[in-house]
Amino acid sequence: MDQSQAGKRRVQVMDTTLRDGEQAPGASLSPAQKLELAVQLADLGVDVLEPGFPVSSPGEFQAVQTISRQLQQVEICGFARAVKGDIDAAVKATQDAARRRIHLFISSSDIHITHQLRKSRKEVVAAAREMTAYARQFCDVVEFTAMDASRTGMDDLIEMVEAVIQEGASIINLPDTVGYALPGEYGEMFRRVREGARGGNGVAYSAHCHNDLGLAVANSLEAIRNGASQIEVTINGVGERTGNCALEELVMALATRGDSLRAETGISPEKLYDTSRMVSAAMHFPIAFNKPVVGRNAFQHESGIHQDGLLKNRSTYEIMDPEQLGIPRSMIILGKHSGRHALKDRLVRYGVQAEAEDIEKLYPIFKETADSQKVVSDDQLLKMAGTTLGKP
Ligand code: KIV
Ligand code: ZN
């Protein structure tokens, strides 16, 4: 083990691309597509896979059942509302899994309890308690989600968490369901619930963040800093509305800044790029060019100053090694911001021995072309070198 890896906490990665991710409008997947992606996700190294919502349709049930039967190397999570019918479907769909958990949820915030559930808090806590006990009859591992936890009063949240712990829930998920929390607040919630909930020794806490304010990754990192040992994530950050915490971003934040966070995952970074492409293709969701880690521009450089630094030493402008992410190499894009160093480097790569005076001759012609178009292709550059310098 390299010294920088020593003493790090191992954070469990629960992938919910095929459940919460698929709830993104227009992202529906067939059972066959889910199986193909589940194989890839298991290979990527996720610890827990949430393949769907068994009670929601026959296709979903079938997808969860098939994945439970075929993917024995990963823990399977059966998702359910805190009602018997949902739990029964989740128990049945996952019964052939080598390892499984039932993941049930009910809302904990006043906003949801008053306006959506239209019940009293007492009734909701009783249902949480009763359904946790019900699920525990079938399955040793029950994860309980207090939905909208980040907008729940602390005493109310602790009351619900204590109730389900008493009934045997061993994983407590405190989601930022509507992406409302700020990083400091979200981390603080984990600290206070962990310290305040009685009976919580040995219980694992999980973070589940949505990205409505673009804070899903930052919030998840704060949860980890405050003791969360599981993170719930999706590939490419797909999910309801603006999506969930992006697996690849969180994993690479931990891998790159583990010095500060002292935590790591079991994900194989070299499989991130292919996995991202597969999910994007299956859901027909294009990846933004500037998407962190897996976007087209993540390792492309156009500015002359950056290109010059990069050609001298990659670490000047790259904090991750694209090759370790399964991306062939960082790319220097020739355009109007490029400098002489990049031009020379590209010609040399094609075997054109361009001296300093050659570059001086070529440079204004290159800039003129670059001004009139976004990118100058290698073919165009070689042609320019041929006509201007008489070099092939
Ligand atoms: O965002 C959320 O609160 C959820 C839970 C139901 C797990 O997806
Ligand atoms: Zn969610």
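Observations on the model:
- Residue match in segment 54-77 (condition: of a type outside the set (Val, Ile, Thr), in contact with a Leu (Cβ under 9 Å, 6 or more places away or on another chain) and under 27 Å from ALA181 (Cα atoms)): yes
- Contacts under 8 angstrom Cβ, first residue in segment 167-190 being within 12 Å of ligand 1 (Cβ to nearest atom), partner assigned to a loop (DSSP other than H, G, I, E, B) and of a type in the set (S, T, N, Q), 6 or more apart: GLY179/ASN211; GLY179/THR242
- A single member of ARG257, ARG314, ARG296, ARG277 is within 26 Å of ALA181 (Cβ to Cβ) and among the basic types (Lys, Arg), and it is ARG257.
- Enumeration of residues in segment 243-261 that are away from ligand 2 (no atom under 11 Å from the Cβ), in contact (Cβ under 8 Å) with a residue 24 or more places away in the chain and either polar (S, T, N, Q) or touching a Gly at 6+ places or on another chain (Cβ under 6 Å) (or both): ALA246, THR256
- Whether a residue is over 21 Å from LEU44 (Cα atoms) and either in contact with a helix residue (DSSP H, G or I) (Cβ under 6 Å, 6 or more places away or on another chain) or crowded, with 24+ Cβ neighbours inside 10 Å (or both) was assessed, and GLY196 passes this test.
- The residues in segment 169-212 that are assigned to a loop (DSSP other than H, G, I, E, B), more than 15 Å from ALA146 (Cα to Cα), modelled with pLDDT of 95 or more and over 25 Å from the mean Cα position of the chain (by Cα) can be counted, and the count is 1.
- Residues that are over 21 Å from MET131 (Cβ atoms) and touching a residue at least 24 places away in the same chain (Cβ under 8 Å) within segment 52-67 comprise GLY59, GLN62, ALA63, GLN65, THR66, ILE67, listed in sequence order.
- Residue, nearest to THR256 (Cα to Cα), within segment 306-356, restricted to residues that are surrounded by fewer than 19 Cβ atoms within 10 Å (Cβ to Cβ) and of a type in the set (Lys, Arg): ARG314
- ALA204 being away from ligand 2 (no atom under 15 Å from the Cβ), closer than 30 Å to ALA27 by Cβ and in contact with a Ser or Thr (Cβ under 6 Å, 6 or more places away or on another chain): yes
- Scanning segment 281-305 for residues being among the basic types (Lys, Arg) and buried (at least 16 other Cβ atoms within 10 Å of the Cβ) gives a total of 1.
- Segment 207-219 - residue that is touching a strand residue (DSSP E or B) at 6+ places or on another chain (Cβ under 7 Å) and either more than 19 Å from ARG19 (Cβ to Cβ) or touching a residue at least 40 places away in the same chain (Cβ under 8 Å) (or both) and, of those, farthest from ligand 2 (Cβ to nearest atom): VAL217
- For segment 23-37, the set of residues classified as over 17 Å from CYS77 (Cβ atoms) and either β-branched (Val, Ile, Thr) or within 16 Å of ligand 1 (Cβ to nearest atom) (or both) consists of ALA24, PRO25, ALA27, listed by residue number.
- When each of GLN40, GLN3, GLN62, GLN73 is tested for being at pLDDT below 95 and away from ligand 1 (no atom under 16 Å from the Cβ), the lone residue that passes is GLN3.
- Single residue of GLU240, GLU270, GLU222 found to be away from ligand 2 (no atom under 16 Å from the Cβ) and in contact with a strand residue (DSSP E or B) (Cβ under 9 Å, 6 or more places away or on another chain): GLU222
The values are calculated or read from the model by the stated rules, or taken from the named source; none is laboratory data. The model shown is predicted, which means the values in this text are computed figures rather than measured ones. All Cβ positions, even for glycine, are placed from backbone atoms using ideal geometry, and neighbour counts span all protein chains on display.
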